[in-house]
Amino acid sequence: MANTNQEKEPLFSKKNLGLVKDPLTDNNPVTVQVLGICSALAITAELKASVIMALSVVFVLGAGNVLVSLLRNAIPSSIRIIVQLVVVAALVIIVDLTLKAYVPDLAKKLSVFVGLIITNCIIMGRFEAFALGNGPWKSFLDGVGNAAGYGLILIIVGFFRELLGSGKLFGFPVFGDPVAKTGLYATGYENNGFMLLAPMALITLGLIIGFQRSRNKNLIETH
Amino acid sequence: MELLQLFLKSIFIDNMVFATFLGMCSYLAVSKKVSTAVGLGAAVIFVMLVTVPLNYLLDQYILRPGALVWLGEDYADVDLSFLTFILFIATIATMVQLVEMIVEKFAPALYNSLGIFLPLIAVNCAILGGSLFMQQKEFNNITEATVYGVGSGIGWFLAIVAIGAIREKIRYSNVPPVFRGLGMTFILTGLMAIGFMSFGGMLTGGDEAPKKEVVENIAPTEPVEVNEVVIDSTALETVTDSLTQTVQE
């Protein structure tokens, strides 16, 4: 993800780069701003689902931020929430229909969680906090940056849950065949099926947050 | 009896927070004190009570394939289900606005305690999630849908009040600095979710052999969340794997 930041275009001033970079680490929407947790946990039992979800959110937030930013002077503030919801809902319908057409199996697995992108707090949060007050290009960078920060956490959680839970990555066995006892399983290693259940998603994310805070002491809360 | 079963199931087994992670954002943000947690929880129950049956009617008479047949035979082939998201969220947003205005007018005391939380609810995933799961479960009548909505709301209420109480107490404990606040809340929620998993055997009696219990638990949730089923079946595979292994040994 860092590669996209290194293009030498005038559009990518240092400040604009910060819009993309900050949400990836020190201002991560999931671990620091505490937004968009719902879907970050529910669909991370498999890496593939996490990646698809991350891409969907990058699309919805990037495009949505631009749209809201273009509309920002036309929306009366009293009905802005409904306008924003309609923008997101329209984009999510596009994503939903695309997924159903090209990856129907995965779309079934994600079930209602594609629809729940609409109420993903990151999206409403970025619309309110950024797109309503900034131009389209900056809003686009901000949207992509925040969605990428969200996706990063999603992929990390998905990686550990799928690897430890079913011994696979993207559905390919990594540690060998658990039934035929090849590879690592020959030494007595067992898959931890508990990793695939709901509670471990929460605990994994808790540990990731703890790890991030141990690296960056500024983020530690008093209580 | 079936309604009671559905009610208990939506509170404990399919708990919004612990089983499907819905409404986590407000769950984390508003659970620092029990009193605010109670306020938001009550508002969620109330909005669920109104929106789930309403969206059920929308789904039955407008959205699902062939639902428009009441307009005449010509409309029997119309499938508007792609409009689900936009209509559901519009219903929820308008209902929240309406509820806010009605409560403000007729029950100012209630408004003062709930007021600030009502706008938050429009973007609470638990509400939209409740409606989307309701659509997926294909209830037979509006009573079932209402019971499901209220049950899910109460489940969410229980979860946020419980974590609020724990967070009030944990202030006096010596938590490692890196886990203070958010990290610890996640781990606590995870542990609570493990606790809530034990309700899984509640409706099946719970005295079967462990392996059978897993099978029993999958059955009721199967049409509900495809995601969870996948999880369960893989977990089942691991169980079978370990069983075959012990047999071989």
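Every read-out reported here was derived from the displayed coordinates using simple, explicitly stated rules and does not represent laboratory data. Remember, it's a predicted structure, so these values are computed and weren't measured experimentally. Note that we place each Cβ from the backbone using ideal geometry, even for glycine, and neighbour counts take in every protein chain shown.
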- Task: State the three equivalent ellipsoid semi-axes of region A:85-160, derived from the C-alpha gyration tensor as the square roots of 5 times its eigenvalues, in descending order and whole Å.
- Result: 24, 17, 11
- Query: Using the C-alpha gyration tensor of region A:54-203, what are the square roots of 5 times its eigenvalues, in whole angstrom, with the largest one first?
  - Reply: 39, 15, 12
- Simple SL model, points at 7 angstrom along Cα→Cβ for B:Val175 and B:Leu8; separation in nm is 3.4 nm
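For region A:12-139, just say rounded, prolate or oblate: build the C-alpha gyration tensor, square-root its eigenvalues into a ≥ b ≥ c, call rounded for a/c under 1.5, and beyond that prolate if a/b exceeds b/c, oblate if not. Before the final figure, lay out each step's value.
On the way: a/c = 1.90, a/b = 1.34, b/c = 1.42.
Since a/c reaches 1.5 but b/c is at least a/b, the shape of region A:12-139 is classed as oblate.
Starting from the coordinates of the alpha-carbon atoms of region B:40-176, obtain the Kirkwood hydrodynamic radius over all distinct pairs and give the value in Å to one decimal.
By the Kirkwood definition, the hydrodynamic radius is 16.5 Å.
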- Query: Say a paramagnetic label sat at a point 7 Å from the Cα of B:Ile142, along Cα to Cβ; which residues of region B:47-68 have their backbone N under 18 Å from it?
  - Reply: B:47-64, B:67-68
- Task: Among B:Gly41, B:Pro53, B:Thr20, pick out the residue whose Cα is farthest towards the positive end of the charge dipole of region B:1-124, where Lys and Arg carry +1 and Asp and Glu carry -1 on C-beta, about the Cα centre.
- Result: B:Gly41
- Note on the structure: Working note, region A:36-96: Cα radius of gyration (Å, one decimal) and Dmax (Å, whole number) are 13.7, 42
- Item | Rounded to whole Å, sorted largest first: equivalent-ellipsoid semi-axes of region A:131-181, Cα gyration tensor | 39, 8, 5
- Task: Would you calculate the separation in nanometres between label points at A:Val179 and A:Ser214, each defined as 7 Å from the Cα along the Cα-to-beta-carbon direction?
- Result: 3.9 nm
- Message: If I histogram all Cα-Cα distances within region B:1-72 using bins 5 Å wide from 0, what percent of pairs lands in each bin?
- Response: 3, 13, 13, 20, 18, 13, 9, 6, 3, 1, 0
- Query: Given region A:128-223, what whole percent of its Cα pairs are spread farther than 19 Å?
  - Reply: 61 percent
- Item | Counted charge near B:Ala165, where neighbours are those whose Cβ lies closer than 15 Å (Asp, Glu -1; Lys, Arg +1) | +4
- Two-site label geometry, A:Asn27 and A:Leu169: point separation in nm, points 7 Å out along Cα→Cβ: 3.2 nm
- Quick one, could you list the DSSP H helices from chain A stretching 18 Å or more along their long axis (Cα atoms) with average Kyte-Doolittle hydropathy of 1.0 or above? A:47-71, A:80-102
- Message: Compute the distance from the alpha-carbon center of region A:29-90 to that of region B:11-73, in whole Å.
- Response: 20 Å
- Expressed to two decimals, region B:135-191 has a Cα Rg over Rh, using the Kirkwood radius, of 1.24
- Note on the structure: Once B:Glu168 and B:Leu57 are pulled to full extension, the length gained, defined as 0.36 nm per residue separation minus their Cα-Cα distance, is 35.9 nm
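For A:Leu47, what is the net charge nearby, where nearby means another residue's Cβ is under 14 Å from its Cβ and Lys, Arg count +1, Asp, Glu -1?
Numbers: positive: A:Lys48, A:Lys109, A:Arg161, A:Lys168; negative: A:Glu46, A:Glu162.
Net charge in that neighbourhood comes out at +2.
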